[in-house]
Amino acid sequence: MIKVLKAGFYSSVQDKGRVGFAAIGVPVSGAMDAYSSDLANRILNNLETDAVLEIAFGFCAFEFLSETTICISGGSFSPKINGVPVALQTRIHVCKNEVLTFGHNVFGARCYLAVKNGFLTTPILKSRSFFQNITQQTLLCKGDVLPVGTFTNNTDSSNTSVKVVKEHYESQRIACSKGPEFDALSASQKEVFAKQFFTISNDNSRMGYRLNEVIENALPSILTSAVLPGTVQLTPSGKLIVLMRDCQVTGGYPRVLQLTNTAINQLAQKKTNDTFQFVLKE
Amino acid sequence: MQLNKFPSYKPYGEQAILIEWQQCIDDQILEDMLRFKERIQKESTQFIVDFIVGYHSLTLQYKEPILNYKEEVEILQSIYKKDFTAIQNPRFLWEVPVCYDLQFGIDLEEMAQKSKLSIDEIKIRHSAKIYTVFFIGFLPGFLYLGGLDSDLYFDRKPTPRLKVPKGAVAIGGKQTGVYPCASPGGWNLLGKTPIHFFDVTQQQPCFATAGDQIKFIPISLDEFYQLEKEVAENKYSIPKTLVHD
């Protein structure tokens, strides 16, 4: 078990999300940067579906109530165990009563804490991912005690430390394909998408990132239709919203672009005022 | 209306295909989409992990990135052409109790002022129609209903309310619906239902599915509190009838 001493700004349990429930309007959810969370599970030789903690913007502390192994991946928030800095993307053995802390941000926006055999909060609709009105909890709170999988002998996972390429955090090129309504854009609108840099506004969350720039827009709304994580919507005001993992299943704004899986993971590591360019793949 | 065109196909990102029908809200299109969905589910569920229904669209989400989009579309087109009279999931008409008392229908007075209808006429017209469930979206358990009386079209409020209560029955533009949980919202509120539209503790978190029908049954304030109690004690089941067509 792991006790939450300090919950931070936005820490939640996440796994691969709720796939197959769109018919009742349930969002997919799941780790924002699935690349990093998968990596942490793989390093511990966990199942791909094992739940991890997603920690956005650091400043939290956890006490291990029993011995286990962990792996921290994704953005860096100066992780320390009992005050001693620890590495990312490697297996770390922790003893009972040791305290893991996350402090100030070095790079990235979200990090993942995987534990041997995963976090075992109650799955609802086949997933442990926190979501309002589905799971009892939406955010971790101080004092929470999280059940985790049984610690088994750690010889079944390797000791290697995996290096994640800098582009994962620093690339300003967000790859995407045409969205269903892309062809309704005018030639000049398309040129703006091809050339302009966009800025992430302070209205960014697990549901979506609003961007600051305004594009001249005369596109009408569409009849409500599917939206997906990574869909870029053009709102009537001319502002863009990039939908993320907790987005609704349907929407009525024109869907102009669709991010690749890799691009969603990269965007998940960006924060307010970061800038990027959309790179359209034919 | 005649369905004179085959649906069209578009790639939607690396692992989804968007299938679109004529751009309108129509029961026949809904039927065609749902039957197509049933056939696809029967033929090839292995690679498709989810289906998202919209007013005139069906989106298929694949487990893995689609390697050969053209070939996949050809497979879907051949499934579409297959005979589909044999399979059809059952459809139900659900009778949803609604209390139109002014304490819940907080926008009724304003709606009456803006239209040529009295408060009573608004209530009568709203509960007279049988609505079709087109799909569920926006929030878990939020039903998109078709069939609102055109005299009951009311624009969304200019500034959305920060908190619309769970169970609120509302009209937004040409649509009517029920808020399955407390949420910010800009629709006009005309009543409240004591029943749950989304409850994860139930085997089926949302009782209705696309293609079902909904009728609102007016109830008094006393009946509302009585039903609310029964719902809380898990003693109430929503009256339903099997719809044959």
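The values are calculated or read from the model by the stated rules, or taken from the named source; none is laboratory data. What you see is a predicted model; the values in this text were computed from it and never measured. As a convention, Cβ positions derive from the backbone with ideal geometry for all residues, glycine included, and neighbour counts pool all protein chains shown.
Quick one: is B:TYR12 within 9 Å of chain A (Cβ to nearest Cβ), buried (at least 19 other Cβ atoms within 10 Å of the Cβ), out of contact with any Gly (no Cβ under 7 Å at 6 or more places or on another chain) and closer than 16 Å to A:ALA23 by Cα?
On the way: within 9 Å of chain A (Cβ to nearest Cβ): yes; buried (at least 19 other Cβ atoms within 10 Å of the Cβ): yes; out of contact with any Gly (no Cβ under 7 Å at 6 or more places or on another chain): yes; closer than 16 Å to A:ALA23 by Cα: no.
Considered against the rule, which asks whether it is within 9 Å of chain A (Cβ to nearest Cβ), buried (at least 19 other Cβ atoms within 10 Å of the Cβ), out of contact with any Gly (no Cβ under 7 Å at 6 or more places or on another chain) and closer than 16 Å to A:ALA23 by Cα, B:TYR12 comes out as no.
Run down A:VAL26, A:VAL13 and say which single residue is within 30 Å of B:LEU58 (Cα to Cα), in the same structural domain as A:LEU139 (by TED's automatic domain parsing) and either hydrophobic (A, V, I, L, M, F, W, C) or assigned to a strand (DSSP E or B) (or both). Steps first, answer last, please.
On the way: A:VAL13 fails: within 30 Å of B:LEU58 (Cα to Cα).
On inspection, the qualifying residue turns out to be A:VAL26.
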Filter pass, A:PHE151 being over 26 Å from A:SER29 (Cβ atoms), outside the structural domain of A:GLU67 (by TED's automatic domain parsing), aromatic (Phe, Trp, Tyr) and surrounded by 15 or more Cβ atoms within 10 Å (Cβ to Cβ): no
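Does at least one position in the range B:17-33 carry a residue that is in contact with an Asp or Glu (Cβ under 7 Å, 6 or more places away or on another chain) and at pLDDT below 95? So that I can check it myself, show each step before the final result.
Step one: of the range B:17-33, the residues in contact with an Asp or Glu (Cβ under 7 Å, 6 or more places away or on another chain) are B:17, B:21.
Then keep just the ones that are at pLDDT below 95; that gives none.
No, the conditions are met nowhere in the range B:17-33.
With respect to A:THR250, is the statement that it is of a type in the set (Ser, Thr, Tyr), away from every other protein chain (no Cβ under 14 Å) and either in contact (Cβ under 8 Å) with a residue 60 or more places away in the chain or under 22 Å from A:LYS16 (Cα atoms) (or both) true? Let's see the steps before the verdict.
On the way: of a type in the set (Ser, Thr, Tyr): yes; away from every other protein chain (no Cβ under 14 Å): no; either in contact (Cβ under 8 Å) with a residue 60 or more places away in the chain or under 22 Å from A:LYS16 (Cα atoms) (or both): yes.
So A:THR250 does not fit the description; no.
Anything in the range B:147-185 that is of a type in the set (Gly, Ala, Ser) and either surrounded by 20 or more Cβ atoms within 10 Å (Cβ to Cβ) or not assigned by TED's automatic domain parsing to the domain that holds B:ILE119 (or both)? List them, or say none. I'd like the intermediate steps shown before the answer.
Taking the range B:147-185 and keeping what is of a type in the set (Gly, Ala, Ser), we get B:147, B:150, B:167-168, B:170, B:172-173, B:177, B:182-183, B:185.
Once the filter is applied, which keeps residues that are of a type in the set (Gly, Ala, Ser) and either surrounded by 20 or more Cβ atoms within 10 Å (Cβ to Cβ) or not assigned by TED's automatic domain parsing to the domain that holds B:ILE119 (or both), the range B:147-185 yields B:GLY167, B:ALA168, B:ALA170, B:GLY177, B:GLY185.
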Considering residues of the range A:109-139 that are aliphatic (A, V, I, L, M) and either surrounded by fewer than 17 Cβ atoms within 10 Å (Cβ to Cβ) or under 25 Å from A:HIS168 (Cβ atoms) (or both) only, the residue nearest to the other protein chains (Cβ to nearest Cβ): A:LEU139
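Inside the range A:88-108, can you point out the residues that are in a strand (DSSP E or B) and either within 19 Å of the chain's Cα centre (by Cα) or not aliphatic (A, V, I, L, M) (or both)? Walk me through it before giving the result.
Residues of the range A:88-108 in a strand (DSSP E or B): A:90, A:92-94, A:99-102, A:107-108.
A:THR90, A:HIS93, A:THR101, A:PHE102, A:PHE107, A:GLY108, listed by residue number.
The rows are residues; the columns are (1) among the polar types (S, T, N, Q); (2) without any contact (Cβ under 8 Å) to a residue 60 or more places away in the chain; (3) within 20 Å of A:LEU139 (Cβ to Cβ); (4) out of contact with any Gly (no Cβ under 6 Å at 6 or more places or on another chain).
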residue: A:GLU67; (1), (2), (3), (4): no, no, no, yes
residue: A:SER78; (1), (2), (3), (4): yes, yes, no, no
residue: A:PHE102; (1), (2), (3), (4): no, no, yes, no
residue: A:LEU113; (1), (2), (3), (4): no, no, yes, yes
A:ILE174, sole failed condition from (1) more than 14 Å from chain B (Cβ to nearest Cβ); (2) closer than 25 Å to B:ILE52 by Cβ; (3) in contact with a Phe, Trp or Tyr (Cβ under 6 Å, 6 or more places away or on another chain); (4) in contact (Cβ under 8 Å) with a residue 40 or more places away in the chain: (1)
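Listed here are the residues, each with its yes/no results for (1) under 28 Å from B:GLY186 (Cα atoms); (2) free of Cβ contacts under 8 Å to residues at least 60 places away in the same chain.
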| site | (1), (2) |
| --- | --- |
| B:HIS56 | yes, yes |
| B:GLN61 | no, yes |
| B:GLY105 | yes, no |
| B:LYS116 | yes, yes |
For the range B:198-210, check the following and say yes or no: at least one residue is part of a loop (DSSP other than H, G, I, E, B) and either outside the structural domain of B:GLU110 (by TED's automatic domain parsing) or closer than 19 Å to B:TYR100 by Cα (or both). no
Among strands (runs of 3 or more DSSP E) entirely within the range A:109-220, at least 2 residues that are in contact with a helix residue (DSSP H, G or I) (Cβ under 6 Å, 6 or more places away or on another chain) occur in A:173-178
Name every residue in the range B:22-55 that is part of a loop (DSSP other than H, G, I, E, B), more than 9 Å from every other protein chain (Cβ to nearest Cβ) and buried (at least 17 other Cβ atoms within 10 Å of the Cβ), in order of residue number. B:ASP26
All but one of (1) at pLDDT 95 or above; (2) touching a Lys or Arg at 6+ places or on another chain (Cβ under 9 Å); (3) farther than 30 Å from B:PHE198 by Cβ hold for A:ASN45; which doesn't? (1)
Can you report the number of residues in the range A:1-37 which are among the polar types (S, T, N, Q) and over 17 Å from A:GLU48 (Cα atoms)? 2
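Within the range A:3-21, track down each residue that is basic (Lys, Arg) and more than 14 Å from the chain's Cα centre (by Cα).
Start the filter on the range A:3-21 by keeping residues that are basic (Lys, Arg), which leaves A:3, A:6, A:16, A:18.
The answer is A:LYS3, A:LYS6, A:ARG18.
Given A:VAL164, A:VAL145, which one is over 18 Å from the mean Cα position of the chain (by Cα) and either surrounded by 17 or more Cβ atoms within 10 Å (Cβ to Cβ) or not small (Gly, Ala, Ser) (or both)?
Values: A:VAL164 fails: over 18 Å from the mean Cα position of the chain (by Cα).
Only one candidate passes the filter, namely A:VAL145.
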Look at the range A:222-246 and say how many of its residues are within 11 Å of chain B (Cβ to nearest Cβ) and closer than 25 Å to B:LEU143 by Cβ. 9
Assess whether A:ALA61 counts as being touching a strand residue (DSSP E or B) at 6+ places or on another chain (Cβ under 7 Å), in a loop (DSSP other than H, G, I, E, B) and among the aliphatic types (A, V, I, L, M). no
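Looking at this structure, is A:LYS96 over 30 Å from B:PHE197 (Cβ atoms) and surrounded by fewer than 17 Cβ atoms within 10 Å (Cβ to Cβ)?
Details: over 30 Å from B:PHE197 (Cβ atoms): yes; surrounded by fewer than 17 Cβ atoms within 10 Å (Cβ to Cβ): yes.
It is true that A:LYS96 is over 30 Å from B:PHE197 (Cβ atoms) and surrounded by fewer than 17 Cβ atoms within 10 Å (Cβ to Cβ).
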Which residues, taken from the range B:165-185, are closer than 19 Å to B:ASP199 by Cβ, within 14 Å of chain A (Cβ to nearest Cβ) and not in a loop (DSSP other than H, G, I, E, B)? B:GLY177, B:VAL178, B:SER183
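Considering only residues of the range B:208-240 that are among the hydroxyl-bearing types (Ser, Thr, Tyr) and more than 21 Å from B:LEU93 (Cα to Cα), which is nearest to the other protein chains (Cβ to nearest Cβ)?
B:TYR225
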